[in-house]
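Each value in this text was obtained by applying a stated rule to the coordinates, not by laboratory testing. This one's a predicted model, so the numbers in the text were calculated from it and none came from an experiment. Note: ideal-geometry Cβ built from the backbone for every residue, glycine included; neighbour counts use all protein chains shown.
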Amino acid sequence: MSPCRGDVVTGRIPRSPHRHRGGGLAAVLCLTVALPTLAADAVDVFTQDFERFARLTASSEAELRLEGVIGFEWLRHFSAESYLTKLANDPAPEVRREVAYALSRVGRRASIPVLFGLLADGDPNVRQQAALSLKILTQTDDPALGGQWATDPDAYEQALIEGLASPDTAQRIRSLKGLLCFGAEHAEQPVLVFVTSGNPAPDGYQLQLAASVLERVGGPASLPWLCGAAEWLTSAAWALGQIGGPAAEEALLKGLTRNGVWDQSWAANLDRLRSTRCGPLVPMLVGSYGCITYRGQPEDLTYDPTPLQRLCTNLVIRSGRAPEVVEFVLREMEGHCVDDEITEDLRPAMVALRQELMPGFVRNDGLTTSQPMCAMSQLVSDRTLAPRLIPLLQHPAFVARVYAAVALGRLGAVEAVPAITEVIHQGYPFADAVTAVSGKHFQDSQTVRWKGFLCMALGRIGGEDARLVLERMATDPDEYRDIRYGAVVGLGFIGSPESLPALRKVAADDIIWCTQVEARDVAHRIELAEKGGLRP
Amino acid sequence: MGSLVAAVLVAGLQPGPALVAREFARDVPIPLAADEPWSWAGVPDGQVSACGVSFDLSQSTVVDRPVLLAAATEAAIDPGASVVYALVTPAGECRLAGVAFSTADGPTQVKAEDCALAWASDPPRARRLLVARCVAPAGGAISGVHPTGCYLLALLAGDRAAADDATLEAAYAEARDAWHARFAEEAPAAWHLSKMIADLPDGRIALLPPRGGEPPVLAGLLATTSLRAKLSRLAPDAFVDPSYFGPVRFPVSLYVGQENYLRSVGAPGDAAEALRRYLADGGRVVIIAAGPFPMYYAIDSGNPVQVAGDQFLPRVGITLTGAWEKPPEGTPAMVCPVEGQSLLTSVTAPYPYPTAGDLRIRCLGAVPGSGVSVTPLVEVRRGDGSPVGLCAALFELPPNDQGRRGGVLFVSSILLCDGRVAVGVVSDVVRWIAERLSEGA
């Protein structure tokens, strides 16, 4: 098993089918999922994603069911098995094939007869994938021939356990992989013996696999070893998230402190445990949000918040320090923060932020210090802050305007729609044609386009006023191209079927290819969500 | 006034007008704390009276902080009412706020400027409480109130007797007029400009092809004002049709072609000739483009190549007199209004040349001996005071056989793309256009 079992939690779900297999479907999630609640008892990201995929697998639309299956496939949690096996007789062959593949990642004993049945599927792709998955789960060369694993799974499990004692590395690995599927509670003790006193001592890969087995079969008895291993084994972090308890939380905190969030296993499982103890790690979490000024990453706003951002948001909120972060960032944006008043551990980030709050600042060194603003835009929950944020839409620094608008979107502040629209209409200090022709003055901030992000923020705010404004902007050929594109993305966030005529017009008429493609994609997602019964 | 307020608040008063407070979902807390500069501190706690009616405002606390609870989305009026008074407060700039009342005939918009003032706080907060009044058409009813850019604080709904009550109507009109005057006084230049544009006649300003070089201030006006409806976008075929494109139909034309001009449509040079003919016949062209050198590149229909070396303006006696890619180092260059000019009146004093954005400038002047007269408006001077050239000027062509003089009003991108002066300069240009249109009316 891969160290990062929760790929959904550790990476962004791709959006366009042109970029990744099945990715276009994943974008449906952007339409249908509410942003995570900001309450201190916020549902953890793992559970949110799990429930989202479960809903998708129950959709009437094959495309959405497929989306759910792929989601589970990347989540790699064995609890998904029952949702997947239900779809083994799905009328759509592409769903059945994906089910066969997903079971190779999450399947347990109940998957075996299901996959065996799929060996007789009418679709050759399904049959082929079922055979491959059986091979992975059973760790046998030709599962179609059957074997002990089929006739007596308990005896096969025992054989796998005995294989752990083998000095042969390949045999050990086969046993551990087999136990992922066939291991039951009584496999816990032999696996613990293997990891603590195996001879020869197991290598890192074997330990990763062993921790994954313990995630499925382990209990409190596994905690001492897992807690020690969790500081350096990502799969141990997932096992601790599964087993839970104060000791698990303590070990995960150590792991997060040591490793940071770039592998999200520790943060994700602290989130699963609803940890409230990440207060000392808030500066690190705030610095992990990313930002559009980092090498121009517009995806931060074009898509829903990343899993990492959602994890950081949950952990900071539960630590009780979210209001403090929001307050200091707003003070910086307002230009009247006093160093001595900033909490000591947040001070370096706030001081560094100031550079990017200077008028006309454009980053050109591949770095960014604006992450606290991005964090603020996702941590903000106090509705009374809307009137405080609205004047920041006129901030001299573009990036501050963008995140003020995103924060207003997070608050659902419909009263800000005219103010955001006004900023968009103020235009750029250059004509659209200037950079279209020759790329003149590339080095100057005059070529930076940021108003499309405000359109996306309008989409986050939602409501009729925002929808009408965005439809007009999207279909107006006189608008700047980034505004047209951003308006289309924003309409996707709103997801109203009433926008379909405007989106189809953009898909047919816009002169910019990527705007056409986005409009087609958004229109498709809206139609799909309607048909699949997934609209709120 | 006090007796009137008391009278209308007595629900069920028979006979006579009856206004009753209506409840609605209030889910948005508005801050009132005195230590929050963005708050509504000082707002009355209790009754607020204006234009002959009175609203109840009661403050609350959320997590120990004083707030007013309001609605930011539509409030239903159920059952419907013949007249509704809505007490609102703008969330940001006053001019961006408004209230839409839902009736069977569609929404009726009441902009902030057409409300009545109920309460105001001093800067820097400068918060306002406004009253919007809407009367349903005879036989109809108002079914909802939708705040835009503002928070809805309280509602009063009345019957037909209240809707038809002349005293109430007069009280609102008086308060509205008083507020309108104050609003106009406080409003930014952009608001006044939008009013000026609204007064322009429809369809008498031609927008010349090609387009795409609209300066930001013009793009903003096209999006936010009625300017778009005032312009006739000329298709290339119409542009070269002398029976259509001429100064009688279009006394003024706008050039927003960045640095391009349309030279040929059907025959070589026919479009350039159409523009020359328009000017010779007395038409006025306003050059208001974001590029520094207007009409520099020639464009021929069907050919994507911009042709350099065949500028248009020299054909009518206007030429380049000065240029730079950026101002020289050292003492900052200055942009200076020409003493005595009365066209760009918003540029009242010299100011430093821009330091960011596209710093290129191309200054225009008359070709000696062409008979073109120049009214200098704004010039650029180097740090040592020596002139670079004109960045705004009015060029008037020699009179034609009928004694009519065509003209070119040139405003450089240095003015149009500079947020410090752009709105004012465009306001001046719109005023000049309005005068030209009224001459021909």
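Helical content of chain A, expressed as a calculated mean residue ellipticity at 222 nm, amounts to -18000 deg cm²/dmol (DSSP H runs of 4 or more residues, -39,500 (n - 2.57) each, divided by residue number, nearest 500). A simple charge model with +1 on the Cβ of Lys and Arg, -1 on the Cβ of Asp and Glu and nothing else charged puts the dipole of chain A at about 380 debye relative to its Cα centre.
Over chain B, what is the relative contact order in percent, taking alpha-carbon pairs closer than 8 angstrom and at least six residues apart? Mind showing how you got there, number by number?
On the way: 991 pairs, mean separation 52.2, N = 441.
Relative contact order of chain B: 12 percent.
Looking at the square roots a ≥ b ≥ c of the eigenvalues of the Cα gyration tensor of chain A, which shape do they give, rounded for a/c under 1.5, prolate if a/b is larger than b/c, or oblate? Oblate, since a/c reaches 1.5 and b/c is not below a/b. For the peptides B:46-54, A:375-383, B:345-353, the ranking by packing is A:375-383, B:46-54, B:345-353, with the highest mean count of neighbouring Cβ atoms within 10 Å listed first.
When +1 charges are put on Lys and Arg Cβ atoms and -1 charges on Asp and Glu Cβ atoms, the dipole computed for the protein assembly as shown relative to its Cα centre reaches about 1200 debye.
The residue list B:H180, B:G80, B:Q109 was ranked by how far each Cα lies along the charge dipole of segment B:2-185 toward its positive end, using unit charges on Cβ atoms, and B:H180 comes out on top.
Of the trypsin sites (Lys or Arg not before Pro) in segment A:278-341, which ones lie in a loop per DSSP and count no more than 15 other C-beta atoms within 10 Å?
Numbers: sites: A:R295, A:R310, A:R318, A:R321, A:R331; in loops: A:R295, A:R321.
For trypsin sites (Lys or Arg not before Pro) across segment A:278-341 that sit outside H, G, I, E and B with at most 15 neighbouring Cβ atoms in 10 Å, the list reads A:R295.
Each of B:S301, B:V99, B:A25 was scored by the projection of its Cα onto the charge dipole of chain B, and the greatest displacement toward the positive side belongs to B:S301; charges sit on the C-beta of Lys, Arg, Asp and Glu.
Take peptide B:147-160, look around each residue's Cβ out to 10 angstrom, count Cβ atoms belonging to other protein chains, and average those counts.
Values: counts 3, 5, 10, 2, 3, 1, 0, 0, 0, 0, 0, 0, 0, 0.
Shielding by partners across B:147-160 averages 2.
Net charge around B:D300, counting only other residues with Cβ within less than 14 Å of its Cβ (Lys, Arg = +1; Asp, Glu = -1)? That works out to -2.
About its Cα centre, how strong a charge dipole does segment B:2-185 have in debye, to the nearest 20, once Lys and Arg get +1 and Asp and Glu get -1 at the Cβ? Intermediate results must be reported in sequence, preceding the final value.
Numbers: 12 positive and 21 negative charges, 23 e Å.
The calculated dipole for segment B:2-185 is roughly 120 debye.
Seen through its C-alpha gyration tensor, with square-root eigenvalues sorted a ≥ b ≥ c, the protein assembly as shown comes out prolate because a/c lies at 1.5 or above while a/b is bigger than b/c.
Going by the alpha-carbon gyration tensor, a ≥ b ≥ c the square roots of its eigenvalues, is segment A:138-254 rounded (a/c under 1.5) or, if a/c is not under 1.5, prolate (a/b greater than b/c) versus oblate?
It is prolate, given that a/c is not under 1.5 and a/b is the larger ratio.
Can you tell me the length gained on complete extension of the stretch A:A221 to A:D141, counting 0.36 nm per residue apart and subtracting the Cα distance? Write down the numbers at each step before the final one.
Details: separation 80, 0.36 × 80 = 28.80 nm, distance 3.39 nm.
Fully extending the segment from A:A221 to A:D141 adds 25.4 nm.
Inter-label distance, B:R233 to A:A120: 6.5 nm, where each label sits 7 Å from its Cα along the C-beta direction. With each label modelled as a point 7 angstrom along the Cα→C-beta vector, the A:Q148-B:E23 pair spans 7.4 nm.
Each residue of segment A:108-122 was assigned a 3J(HN,Hα) from its phi angle through the Karplus expression (A = 6.51, B = -1.76, C = 1.60, θ = phi - 60°), giving 10, 4, 5, 7, 4, x, 5, 5, 4, x, 6, 5, 9, 4, x Hz with x at Gly and Pro.
Averaging sequence separations of C-alpha pairs under 8 Å and six or more residues apart, then dividing by the length of segment A:205-318, give the relative contact order as a whole percent.
Values: 138 pairs, mean separation 23.9, N = 114.
Once normalised by length, the contact order is 21 percent.
Could you pull out the longest piece of chain A with no exposed loop chymotrypsin sites (Phe, Trp or Tyr not before Pro) in it, calling a site exposed if DSSP puts it outside H, G, I, E, B and it has at most 15 other Cβ atoms within 10 Å? In chain A, the maximal stretch lacking such sites is A:1-231.
Per-residue packing, averaged as other Cβ atoms within 10 Å, sorts the ranges B:145-152, B:360-367 into the order B:145-152, B:360-367, beginning with the highest. Remark: mean inter-chain Cβ contacts per residue of B:215-224 equal 6, using a 10 Å Cβ-Cβ cutoff to other protein chain atoms. Annotation: lysines with alpha-carbon distance below 30 angstrom to A:K177 (same-chain offsets under eight excluded): A:K86, A:K135, A:K254. Remark: mean inter-chain Cβ contacts per residue of B:91-98 equal 6, using a 10 Å Cβ-Cβ cutoff to other protein chain atoms.
Protection proxy ranking of B:243-253, B:322-332, by the mean of other Cβ atoms within 10 Å over each peptide's residues and highest first, is B:243-253, B:322-332. First select every other residue whose beta carbon is under 13 angstrom from the beta carbon of B:A71; then total the charges, Lys and Arg +1, Asp and Glu -1. Once all neighbours under 13 Å are counted, the net charge is -1. With neighbour counts taken as other beta-carbon atoms within 10 Å, the residues A:M373, A:M333, A:M284 rank, fewest first, as A:M284, A:M333, A:M373. In chain A, a dipole from Cβ-located charges (positive for Lys and Arg, negative for Asp and Glu) runs towards its positive end, and of A:I243, A:A386, A:S60 it is A:S60 whose Cα lies farthest in that direction.
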